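Rule-based calculations on the coordinates, nothing more; no lab input. Predicted model, so just to flag it, every value in this text is computed and none were measured. Using ideal geometry, Cβ is built from the backbone for each residue, glycine included, and neighbour counts are taken over all protein chains shown.
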Amino acid sequence: MHNCIIIGSGRSGTSLAAGLLYTGKYYIGENVIPPSPANPKGFFESDYINTEINEAILNRWRGGVRKGHWWLTRVPHDTSLTSTLPIRRKMRVEIAKAPYCFKDPRFCYTAHLWKPYLQSDTKFVCIFRNPAATAHSMYKEYKVAKYLAKMDFNPLKGFRVWEAMYNWILSVHDPAGEWLYLDFDDLVYGGGAEKLSRYLKAPIRKSFIDRKLDRSSKKYMDEMSWDPKIREIYNELLYRAGCYG
């Protein structure tokens, strides 16, 4: 089994990928976030990694962002992010508990700062989904999650967050390390689960897939077509996943 980092924007299918791999063999971090109506089968995320490491890094760039809001916050891909010795110590403690499978949307911004400390066999799994469906799913979560109540958010901002996160992945993080790109639809309806298992040499819970929980709305699917940059990024992700051209 390879150690892995699951990376992708929130509401893109990263919880599905992590859930497929959650067979009791991977360490996923401390203080695991419990299921919610948004993810009734679980997030498979560590609140400790999210807040004490990734949000701590992002707060050094721009303080004042409320706890838990960073997964819905746009960070330009040319932003200079840095860590501190205490943050790096926390990283080392977590990655020492191999085999690990860590998942957090904030990795879209911070993965390059983790890379020097990851185990040498660590692989990256990038999960993505149609940007329009993702942005509207973000907005639905924003409307019902109490901890997001004081945030100013709408579907257009969701598109901008999606664009920023995958721009970081393609422009900053991908040049180093091994990567597998998986489309959400391929995980749910195609052979994506088997690709994931082969790539990581890890067992999966194929029964974890529940197509009834796919709440994608077809009416949103063409909304990103007006934005050339979002279309360009999405097409590149599809190409890398072997789903395009």
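Okay, here's what the table says:
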quantity: Neighbour cut-off at most 14 other Cβ (10 Å), DSSP loop, trypsin sites (Lys or Arg not before Pro), the range 145-211; calculated: Lys150, Lys201, Arg205
quantity: Selection from Phe153, Cys243, Ala164 lying farthest towards where the dipole of the chain points positive, charges on Cβ; calculated: Phe153
quantity: The chain - charge dipole about Cα centre, Lys and Arg +1 at Cβ, Asp and Glu -1, debye rounded to 20; calculated: 560 debye
quantity: Percentage, to the nearest whole number, of Cα pairs in the range 4-240 over 32 Å apart; calculated: 12 percent
quantity: Distance from the range 107-144 to the range 32-50 (C-alpha centre basis), Å; calculated: 14 Å
quantity: Surface/4 of the Cα convex hull for the range 48-112, nm²; calculated: 4.4 nm²
quantity: Out-of-range pairs (alpha-carbon distance over 21 Å; input Lys41/Lys123; Lys41/Lys206; Lys90/Lys140; Lys90/Lys201; Lys67/Lys212); calculated: Lys41/Lys123; Lys90/Lys140; Lys90/Lys201; Lys67/Lys212
